[in-house]
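Undergrad: My structure is below; once you've seen it, I'll send some questions.
The values are calculated or read from the model by the stated rules, or taken from the named source; none is laboratory data. Since the model is a prediction, treat every value here as computed from it, not as a measurement. Please note: Cβ atoms are built from the backbone with ideal geometry, for glycine as well, and neighbour counts cover all protein chains shown. Side chains included, ligands, DNA and RNA excluded: accessible areas come from the protein's heavy atoms. Shrake-Rupley method; radii C 1.70, N 1.55, O 1.52, S 1.80 Å.
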Amino acid sequence: MDNRPIGLFDSGVGGLTVAKQVMKVLPHEDIVYFGDTARVPYGSKTKETVTKFSEQIIRFLLTKDVKAIIIACNTASANSYHDLIRTFPEMPIFEVITAGVESCIAATKNKKVGITGTQATVRSGAYELGIKQRVPDMRIYAQACPLFVNLAEEGWTDNEVARLTAHIYLDDMLAQGVDTIVLGCTHYPLLKRCISGVVGEKVTLVDPAKATALKMKKFLEQNDMLSDTEEGRNTFYVSDHTPSFDNLCERLLKTHYTAEKIDIEKY
Ligand code: DGL
């Protein structure tokens, strides 16, 4: 047994979609969440910057005595995971891309899949590489959808603007006949209803969050590291107090949490 918390981080509010799944799959675990609300978005930044930010966050999470870490952010997972496991070799670190890749392969029937994500995630080619290593003849259509992040932050998750934006981003890959689309950014599941309406019910939308939470569960089980506390406690930290964080926390997690602001540049 290991009652230390699990650390989770994202560039901002989006990672709460991953935190929600971890809370569902691992209800006895304590969670320490960090959202880099002062420096979001990561999707328009370089690999070097995203890696530097992620290292600072992990150093902060280490001060909270976490037993394992989930990089909830696709952009940080795609660009920085390999550097981070080299920098922090003692810490079990999980990313979200592998779960997304495996879920997407399991879901497609016609071997034509769409990948959506931030510019930095699409540019990294991480999803394509993961899929091609496992299924070399998969047809992959990737599209950066940066405006989805702003729509989600604004709470415009299912209106005319969101629908039009989704059409502009996704119509080309739909015309190519994809039967599966990976929501490769933590914000995109917030627009799931709108995106579903645009792509139609025959297209499967893959959110890597649940499969990532299940991977963490398996790891903790196999290493006898599950917590035996009655009910997991959740603690939230941010680099800036923003209304969107509080709003989404309340909307998504159905509870009011007070996030503590910390100076991440110190780490
Ligand atoms: N959280 C980021 C991701 O999953 C998206 C938002 C951003 O650009 O920082 O890729």
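Undergrad: Rounded to the nearest 500, what is the chain's calculated 222 nm mean residue ellipticity when only DSSP H runs of at least 4 contribute -39500 (n - 2.57) each, over all residues?
TA: Dividing the helical sum by the residues of the chain leaves -14500 deg cm²/dmol.
Undergrad: While we're here: What is the percent carbon and sulfur in the accessible area of region 1-101, measuring with a 1.4 Å probe over the protein chains and ignoring ligands?
TA: 54
Undergrad: List the trypsin sites (Lys or Arg not before Pro) within region 223-267 that DSSP assigns to loop and that have no more than 14 neighbouring Cβ atoms inside 10 Å. Before the final figure, lay out the partial values.
TA: Working: sites: Arg233, Arg251, Lys254, Lys261, Lys266; in loops: Arg233, Lys254.
Hits after loop and neighbour filter: Arg233, Lys254.
Undergrad: What whole-number value in Å² describes the accessible area per residue of region 140-267 for a 1.4 Å probe?
TA: Solvent-accessible surface per residue comes out at 53 Å².
Undergrad: Note the full-extension length gain between Thr63 and Leu129 as 0.36 nm times their separation in residues minus their Cα-Cα distance, in nm to one decimal. Please report the intermediate quantities before stating the final value.
TA: On the way: separation 66, 0.36 × 66 = 23.76 nm, distance 3.38 nm.
Gain in length upon complete extension: 20.4 nm.
Undergrad: At 0.36 nm per residue, and after removing the present C-alpha to C-alpha distance, how many nm does the segment from Ile168 to Thr49 gain when stretched out fully?
TA: 39.9 nm
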